[in-house]
1. From the list Val152, Val180, Val157, exactly one residue is surrounded by fewer than 15 Cβ atoms within 10 Å (Cβ to Cβ), modelled with pLDDT under 95 and in a helix (DSSP H, G or I). Which is it?
2. Of everything in the stretch 1-24, what is without any contact (Cβ under 8 Å) to a residue 12 or more places away in the chain and under 23 Å from Ala132 (Cα atoms)? Give them in sequence order.
3. Out of all the residues in the stretch 130-143, which are under 15 Å from the mean Cα position of the chain (by Cα) and buried (at least 21 other Cβ atoms within 10 Å of the Cβ)?
4. Based on what the data block shows, is Ile81 among the β-branched types (Val, Ile, Thr) and touching a residue at least 24 places away in the same chain (Cβ under 8 Å)?
5. Of Thr43, Thr74, Thr104, Thr93, which residue is closer than 21 Å to Gln182 by Cα and free of Cβ contacts under 8 Å to residues at least 40 places away in the same chain?
6. If you scan the stretch 97-117, which residues turn out to be hydrophobic (A, V, I, L, M, F, W, C) and assigned to a helix (DSSP H, G or I)?
7. Quickly run through the stretch 107-123 and pick out the residues that are closer than 13 Å to Tyr186 by Cβ and either free of Cβ contacts under 8 Å to residues at least 24 places away in the same chain or of a type in the set (Ser, Thr, Tyr) (or both).
8. Pick from the stretch 97-128 the residues that are farther than 26 Å from Ala38 by Cα and of a type in the set (S, T, N, Q): which of them is surrounded by the fewest Cβ atoms within 10 Å (Cβ to Cβ)?
Amino acid sequence: MNLPNKLTILRLIMTPLFLAALVIPFSHHLLVALILFAAASLTDYIDGKMARKQGLVTDFGKFLDPLADKMLTTAAFLGFIQLDIGVGITWITFIVLVREFLITSLRLVSAGKGNVIAANIWGKAKTVSQMAAIIVGIGGKYVAEFFPTSQVVGLSVDIATNVMLWISAILTVISGTIYVIQNKKYINPKK
């Protein structure tokens, strides 16, 4: 249990705390949620960089790190549905969940054959775009609360959030397609 793996586990523990802060209304709950999400996202960056730089990459980390990312971002998207953040957020969440179930299933089948499918650049781009969209969505909603009558602020927040969310949805589809193509040998192996 090296430090990068401990940071990944910390991200798992932070996820329900973040979701609670996001959806349970209390004074400045969006700010608390934003801080928790940003801190959890930062552990993703730190654990990956540390694992590669210090030679601490493990199969456990290759498996758990993307799972922790999926749990964190999925929690945010589910919270966005409850808070009605983003146009088409239910569809975006559906796209994300289908991709995550598909790729996780692929990883499990691969692991059963003794292979670990590590994240590639497209998976990382998808995760970064989702995290950025979530930060913009939460931060924007928090800022908009201070200007409830300003149509300019509200419209700016909505546009920025929706653009970021749909970019992340497109990258989700692209990365999922690439994972399937690159690992199709595990789906229907030749006998």
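The values are calculated or read from the model by the stated rules, or taken from the named source; none is laboratory data. Given the structure is predicted, the values throughout are model-derived calculations rather than measurements. All Cβ positions, glycine included, derive from the backbone under ideal geometry; neighbour counts span all protein chains shown.
1. Unique residue meeting the criteria: Val152.
2. Once the filter is applied, which keeps residues that are without any contact (Cβ under 8 Å) to a residue 12 or more places away in the chain and under 23 Å from Ala132 (Cα atoms), the stretch 1-24 yields Ile13, Ala20, Ile24.
3. Gln130, Met131, Ala133, Ile134, Gly137, Ile138
4. no
5. The conditions single out Thr104.
6. Correct list: Leu97, Val98, Phe101, Leu102, Ile103, Leu106, Leu108, Val109, Ala111.
7. Leu108, Ser110, Gly112, Gly114 - these are the residues of the stretch 107-123 that are closer than 13 Å to Tyr186 by Cβ and either free of Cβ contacts under 8 Å to residues at least 24 places away in the same chain or of a type in the set (Ser, Thr, Tyr) (or both).
8. Here the answer is Ser105.
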